[in-house]
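Inspection log for the structure reproduced underneath, given as structure tokens.
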Amino acid sequence: MGIFSRLSWFFKHQWKQYLIGVVALILVAICNVIPPRIIGNVVDSVSNKNMTVRFLVINMVTLFVVAIVQYLLRFLWQKMIYGSSYVLERDLRSRLFKHFMKMDKTFYQRWRTGDLMAHATNDIDAVRDVAGPGILTLADSLITGISMILAMGMFVNWKMTLMAVLPLLLLAVMANVLGNKIHVAFRDSQAAFSSINNKTQESVVGIKVLKALGQETEDEKDFDCYVDKNIKANKRSYRLDAMFDPLTTLIMGISYTLTIIFGGLAVLQQRITIGQLVSFITYMAELMWPMYAVGSLFNLLERGSASYDRISDLLNEKSSVVKTKDSFTTVPSGLLDFRVESFSYPDDPKTALHDVDFKLKPGQTLGIVGPTGGGKSTIISLLMRDFDHYQGSIDVGKIDIRKYDLNSYLDTIGYVPQTNFLFSTDVRDNVRFANIDATQEEVEQASFVADLDNDIKQMPEGYDTQVGELGVSLSGGQKQRLAIARAILSNPKLLILDDSLSAVDSKTERHIESRIAKNRQQGTTIIAASRLSSVEDADEIIVVEDGTIVEKGTHQELLHQAGWYADTYNLQARNEQLEGRLNDEK
């Protein structure tokens, strides 16, 4: 029953609806007491041979009126109780989604997409069932059970009632024994469902790779293993849950046996009438639902409790991004002063960055290059505030970026990663995603800067062309250029290009960079690249290796230093010349 106390915050908010629903259930229970009493009276009237048409009509009309009243009351409690449970579902889904939007990169490294989807669907459905069918089953079984037992004692015989109800106490003992085991079993079952969700999502997203490598059969076998684990977990949970119904049937059978034996003796001894015995057995039949409901109730409560535990685990996750009460909501502007003494990724003792120091004035361009794994993307992650736990400071306009409101800060940045996410809509809406009110002229201008305009004109429906899920209908270069157009359209104060032209050729790259430079004469730009030609025109270039800056200067200055930059630039230039000669020969 602990799940009810943990959901008390919701019940307090919806108490009026639940009160109306419970009152309606009480009235339904009262109505349920009437038909067995009428049936008993009619049986006694027939037995005593004093039945009249008037007596029969009155009782039949009473039964009809009771049926109509019950119908209306059942409609009312379903609207109040079930309707409120869907309010809980909406609130939990909203809370989870908002929580997902606030969490940092570390959170998404720990939790897989399929698992998060399972929490937001299957687990929330289970918790909703607690607030709907769970409340109904609890209230209805208690109200019906108590009212039937009272009616049996008041209208028939208290001794017979105690004799018939005494075996029902065994259900409470059984519920206590199985409760904890069912909770653990359902939690394992939900976790197994999450694993299947993860596997399905991963296989669908990677279907092209699976087919290209001919791994469909192996992946199917792997999926079958996940299904087998899920079936095994579900079998255990339902095996435990299934123990309730046979036990309930056995206990009810004992109660019926005692009722027939002692009720029959009472009729023979004329302590009750045959009509009262019929009423008593009818009341016993009404008790069948509350008794069977106990098993269903514990099923719902333990499943809901296990799911609420899983949801709470997610909601209790804290973002590592620093939030201060007096955050600046002003637009960040001014000199970018990056001074990081030391930074390590969570759960990784190795130092990812150390002694990284550079300044970038408004309107300037900074190039970040270096060997793979040197720390280029880490610098960008800190600028994007993916992590705030570093030694040192990153200031914009002499204010530490950790003191800015996160949304206010990120709104000034246009970020284009190497791998871009496109939405399942048309080209136009993907370009203007950050500014959905942008005009067609602005969309076309941003597409021109990204050198995407000619490609769009050749598409079947131009800017109305659907890009498909994750931009499946576009090439790698088109996806990157569309993402650049999206960032350009938002007119950010700081544009960050993280190896975002890796899928286009050198000629197209220079073309795009030239247009970006003209478009952003007043804007600050950071370009992280593997191809050094991307940063030739930068105001300053830093070479990052082993988490620190090993070279710094302009393009010409770095060539004269004859270090990593000069060696790599000359190597790439020779390779480009060789590719050019090979193309000419073809």
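Within region 251-264, the presence of at least one residue that is exposed (fewer than 13 other Cβ atoms within 10 Å of the Cβ), of a type outside the set (A, V, I, L, M, F, W, C), modelled with pLDDT of 75 or more and closer than 30 Å to Arg303 by Cβ is confirmed.
Going by the structure shown, is Leu470 farther than 21 Å from Ile516 by Cβ and surrounded by fewer than 16 Cβ atoms within 10 Å (Cβ to Cβ)? So Leu470 fits the description; yes.
With respect to (1) closer than 25 Å to Glu302 by Cβ; (2) among the aliphatic types (A, V, I, L, M); (3) loosely packed, with under 11 Cβ neighbours inside 10 Å, the lone exception for Val22 is condition (3).
Could you tell me whether any residue of region 514-524 is part of a strand (DSSP E or B), in contact with a Gly (Cβ under 9 Å, 6 or more places away or on another chain), at pLDDT 85 or above and not aromatic (Phe, Trp, Tyr)? Break it down into steps so the answer makes sense when it comes.
Initially, region 514-524 is screened for residues part of a strand (DSSP E or B), giving 524.
Cutting the leftovers down to in contact with a Gly (Cβ under 9 Å, 6 or more places away or on another chain) gives us 524.
Cutting the leftovers down to at pLDDT 85 or above gives us 524.
Remaining after also requiring not aromatic (Phe, Trp, Tyr): 524.
Scanning region 514-524, I find at least one residue that is part of a strand (DSSP E or B), in contact with a Gly (Cβ under 9 Å, 6 or more places away or on another chain), at pLDDT 85 or above and not aromatic (Phe, Trp, Tyr), so the answer is yes.
Residue check: Asn197 meets all listed conditions (1) outside any helix (DSSP H, G or I); (2) modelled with pLDDT of 75 or more but one, namely (1).
Pick from region 152-181 the residues that are over 44 Å from the mean Cα position of the chain (by Cα) and small (Gly, Ala, Ser): which of them is modelled with the lowest pLDDT? Here the answer is Ala164. Restricting to region 406-450, name every residue that is closer than 28 Å to Asp104 by Cα and assigned to a helix (DSSP H, G or I). Within region 406-450, Leu406, Asn407, Ser408, Tyr409, Leu410, Asp429, Asn430, Val431 meet the criteria. Does region 538-551 contain at least one residue that is small (Gly, Ala, Ser) and either closer than 30 Å to Tyr345 by Cα or modelled with pLDDT of 85 or more (or both)? Checked against the condition, which is being small (Gly, Ala, Ser) and either closer than 30 Å to Tyr345 by Cα or modelled with pLDDT of 85 or more (or both), region 538-551 yields at least one hit. Candidates in region 200-214 are the residues that are of a type in the set (Gly, Ala, Ser) and surrounded by fewer than 16 Cβ atoms within 10 Å (Cβ to Cβ); of these, the one that is modelled with the lowest pLDDT is Ala212. Within region 253-274, residues that are within 14 Å of Asn157 (Cβ to Cβ) reach partners that are among the acidic types (Asp, Glu) and assigned to a helix (DSSP H, G or I) with beta carbons closer than 9 Å, at six or more positions or on different chains, in the pairs Thr273/Asp44; Ile274/Asp44.
Residue by residue, here is whether (1) outside any loop (DSSP other than H, G, I, E, B); (2) crowded, with 16+ Cβ neighbours inside 10 Å holds:
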residue: Met284; (1), (2): yes, yes
residue: Arg303; (1), (2): yes, yes
residue: Tyr308; (1), (2): yes, yes
residue: Arg339; (1), (2): yes, no
residue: Lys359; (1), (2): yes, no
residue: Gly367; (1), (2): yes, yes
residue: Gly374; (1), (2): no, yes
residue: Ser381; (1), (2): yes, yes
residue: Phe387; (1), (2): no, yes
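Which residue out of Thr62, Thr106 is over 26 Å from the mean Cα position of the chain (by Cα) and either among the hydroxyl-bearing types (Ser, Thr, Tyr) or not assigned by TED's automatic domain parsing to the domain that holds Ser305 (or both)?
On inspection, the qualifying residue turns out to be Thr62.
Filtering Ala450, Ala434, Ala438 for residues that are touching a helix residue (DSSP H, G or I) at 6+ places or on another chain (Cβ under 9 Å), of a type in the set (Gly, Ala, Ser) and in contact (Cβ under 8 Å) with a residue 60 or more places away in the chain leaves a single hit, Ala450.
The condition of being modelled with pLDDT under 85, charged (D, E, K, R) and surrounded by fewer than 17 Cβ atoms within 10 Å (Cβ to Cβ) holds for only one of Lys98, Lys49, that being Lys49. Pairs linking a residue in region 376-395 that is touching a residue at least 24 places away in the same chain (Cβ under 8 Å) to a residue that is of a type in the set (A, V, I, L, M) and not in a strand (DSSP E or B), with Cβ atoms under 6 Å and 6 or more positions apart or on different chains, are Arg385/Val321; Asp388/Val321; Asp388/Val322; Ile394/Ile401. Are any residues in region 498-528 under 36 Å from the mean Cα position of the chain (by Cα) and within 25 Å of Lys359 (Cα to Cα), and if so, which ones? Once the filter is applied, which keeps residues that are under 36 Å from the mean Cα position of the chain (by Cα) and within 25 Å of Lys359 (Cα to Cα), region 498-528 yields Asp498, Asp499, Ser500, Leu501, Thr525, Ile526, Ile527, Ala528. From the list Arg90, Arg128, Arg95, the lone residue that is among the basic types (Lys, Arg) and without any contact (Cβ under 8 Å) to a residue 40 or more places away in the chain is Arg90. The C-beta contact set for region 141-155 (first residue crowded, with 19+ Cβ neighbours inside 10 Å, second residue of a type in the set (Phe, Trp, Tyr), distance under 7 angstrom, 6+ apart or interchain) comprises Thr144/Trp289; Met148/Tyr283; Ala151/Tyr283; Met152/Phe280; Met152/Tyr283. For region 439-452, taking the residues that are within 37 Å of the chain's Cα centre (by Cα) and of a type in the set (D, E, K, R), the one that is nearest to Glu509 (Cα to Cα) is identified as Glu444. Taking the listed residues Thr419, Thr439, Thr425, the one that is surrounded by fewer than 16 Cβ atoms within 10 Å (Cβ to Cβ) and within 30 Å of Gly375 (Cα to Cα) is Thr419, with no other qualifying.
The values are calculated or read from the model by the stated rules, or taken from the named source; none is laboratory data. Since the model is a prediction, treat every value here as computed from it, not as a measurement. Backbone-built Cβ (ideal geometry, glycine too); neighbour counts: all protein chains shown.
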